[in-house]
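> Before I ask anything, let me first share the structure, which is written out below as structure tokens.
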Amino acid sequence: MNILLVLAHPERQSFNGAMFDTAAATLRSAGHTVATSDLYRMNFDPVSSRRNFTSVKDAGYLKLQQEELHASATGGFAAEIEQEIAKVEAADLMIWQFPLWWFGLPAILKGWVDRVFAMGRTYGNGRIYDSGRFAGRRALLSLTTGGPEAAYRPDGFNGDLGVILKPIQRGILNFTGFSVLAPQVCYAPVRAEDAERAAWLAAWAARLQAVEREEAVEVGRY
């Protein structure tokens, strides 16, 4: 398989970094082709602007979707955006590695989505959900939390993690056609002992060795 790994953590030596490195090494050892986007080390700018494009549809008023459609038709994306779109387009499986911040994606990863998931290339013209651009492809969220597992149960003080992740899994991934695998969640690694973190990395590697055979989960509608 062609696999894209996206890392969104400012500290490369973090547990998220270790999960990312484990995934890359495991998947390459299994014979997969792995592309990576380490967003902080790339100094990826999450802010959308006319810098997204080399083409111009309307110089007097910036409407991003209109400019994305025009760029899709004319090959008018800036090189850094075109490169990231091409990685997504090539991926049979896409894995995002990130810490859950304020019940959502880190800003750099959300901004990557805003700039890279461009109308005309990744969705649009009726190509959404089951008929989406990436139908037949799969995506997986691998994340860490600050709180313990009990906090993310339906009766926990933060509420059901599945509900928290739905805007990402349904609103971004399913929307553009991806089938979603069950998330890989490491709860509060900052409070875990070294042996427990090592066990989590080993479990992640074991899962990835068989990921090609995994079935998607039902995310559900709102």
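> Exactly one of these conditions fails for Gly120: (1) more than 22 Å from Glu82 (Cα to Cα); (2) at pLDDT 95 or above. Give me its number.
(1)
> Then there is this: Could you list all residues from segment 26-71 that are within 20 Å of the chain's Cα centre (by Cα) and over 23 Å from Gln83 (Cβ atoms)?
Result: Thr26, single match.
> Would you check if Ile85 is under 30 Å from Tyr152 (Cα atoms) and either assigned to a loop (DSSP other than H, G, I, E, B) or out of contact with any Cys (no Cβ under 7 Å at 6 or more places or on another chain) (or both)?
Spelling it out, it is not the case that Ile85 is under 30 Å from Tyr152 (Cα atoms) and either assigned to a loop (DSSP other than H, G, I, E, B) or out of contact with any Cys (no Cβ under 7 Å at 6 or more places or on another chain) (or both).
> Sticking with this one: Residues in segment 59-66: is at least one modelled with pLDDT of 95 or more and either within 30 Å of Ala151 (Cα to Cα) or in contact with a Leu (Cβ under 8 Å, 6 or more places away or on another chain) (or both)?
Among the residues of segment 59-66, not one is modelled with pLDDT of 95 or more and either within 30 Å of Ala151 (Cα to Cα) or in contact with a Leu (Cβ under 8 Å, 6 or more places away or on another chain) (or both), which makes the answer no.
> Here's something else I'd like to know. Among the residues of segment 146-167, is any crowded, with 18+ Cβ neighbours inside 10 Å, closer than 18 Å to Met19 by Cβ and under 18 Å from the mean Cα position of the chain (by Cα)?
yes
> Further question: Being among the hydrophobic types (A, V, I, L, M, F, W, C), closer than 26 Å to Leu64 by Cβ, surrounded by fewer than 19 Cβ atoms within 10 Å (Cβ to Cβ) and in contact (Cβ under 8 Å) with a residue 40 or more places away in the chain is the filter here, so list the residues in segment 15-43 that pass it.
Ala35
> Turning to a different aspect of this structure: Does Arg12 satisfy the criteria of being under 30 Å from Gln209 (Cβ atoms), of a type in the set (Lys, Arg) and either touching a residue at least 12 places away in the same chain (Cβ under 8 Å) or assigned to a loop (DSSP other than H, G, I, E, B) (or both)?
Against the criterion (under 30 Å from Gln209 (Cβ atoms), of a type in the set (Lys, Arg) and either touching a residue at least 12 places away in the same chain (Cβ under 8 Å) or assigned to a loop (DSSP other than H, G, I, E, B) (or both)), Arg12 qualifies.
> Consider Phe77 against the criteria (1) loosely packed, with under 15 Cβ neighbours inside 10 Å; (2) touching a residue at least 40 places away in the same chain (Cβ under 8 Å); (3) over 30 Å from Arg213 (Cβ atoms): it satisfies all of them except one. Which criterion is unmet?
Of the numbered conditions (1) loosely packed, with under 15 Cβ neighbours inside 10 Å; (2) touching a residue at least 40 places away in the same chain (Cβ under 8 Å); (3) over 30 Å from Arg213 (Cβ atoms), the odd one out for Phe77 is (1).
> Next question. Consider Ala73 carefully, then state whether it is of a type in the set (A, V, I, L, M, F, W, C) and farther than 27 Å from Asp21 by Cβ.
yes
> So, one more: Among residues belonging to segment 168-199 that are without any contact (Cβ under 8 Å) to a residue 60 or more places away in the chain and aromatic (Phe, Trp, Tyr), point out the one that is surrounded by the most Cβ atoms within 10 Å (Cβ to Cβ).
So the residue we want is Tyr187.
The values are calculated or read from the model by the stated rules, or taken from the named source; none is laboratory data. Only a predicted model underlies this, so the values are computations on that prediction, with no experimental measurement involved. All Cβ positions, even for glycine, are placed from backbone atoms using ideal geometry, and neighbour counts span all protein chains on display.
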